[in-house]
């Protein structure tokens with residue numbers, strides 16, 4: 001079930017998930033943004049920076065993957 005769910009969103013090649021360049025770049029930028037706000041929160045002891053960054057990063061990641069799936073289904 002796990003592989004079938006993700007097969008809709010990603011391309012598989014020999015058991016490895018292949019992301020397109022746009023998806024891969026978005027994942028890297030999201031990780032860097034979360035790391036930045038985590039470090040900022042650790043330095044300032046104000047966890048609001050990190051906690052308020054989680055939702056926007058999640059929304060960006062979900063829109064990246066669902067937009068790709070919707071474009072493929074419309075073809």
Residue 38: out of contact with any strand residue (DSSP E or B) (no Cβ under 7 Å at 6 or more places or on another chain), at pLDDT 90 or above and surrounded by fewer than 11 Cβ atoms within 10 Å (Cβ to Cβ), yes or no? no
Assuming residue 32 fulfils every condition listed in (1) at pLDDT below 95; (2) under 14 Å from the mean Cα position of the chain (by Cα) apart from one, which condition is it? (1)
Exclusive hit being within 11 Å of the chain's Cα centre (by Cα), surrounded by 12 or more Cβ atoms within 10 Å (Cβ to Cβ) and at pLDDT below 90, set 58, 65: 65
For residues in segment 6-29 being in a helix (DSSP H, G or I) and under 12 Å from residue 65 (Cβ atoms), which is modelled with the lowest pLDDT? 6
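The values are calculated or read from the model by the stated rules, or taken from the named source; none is laboratory data. Computed from a prediction, not measured in an experiment: that's the story for all the values here. We place every Cβ from the backbone using ideal geometry, glycine too, and count neighbours over all the protein chains shown.
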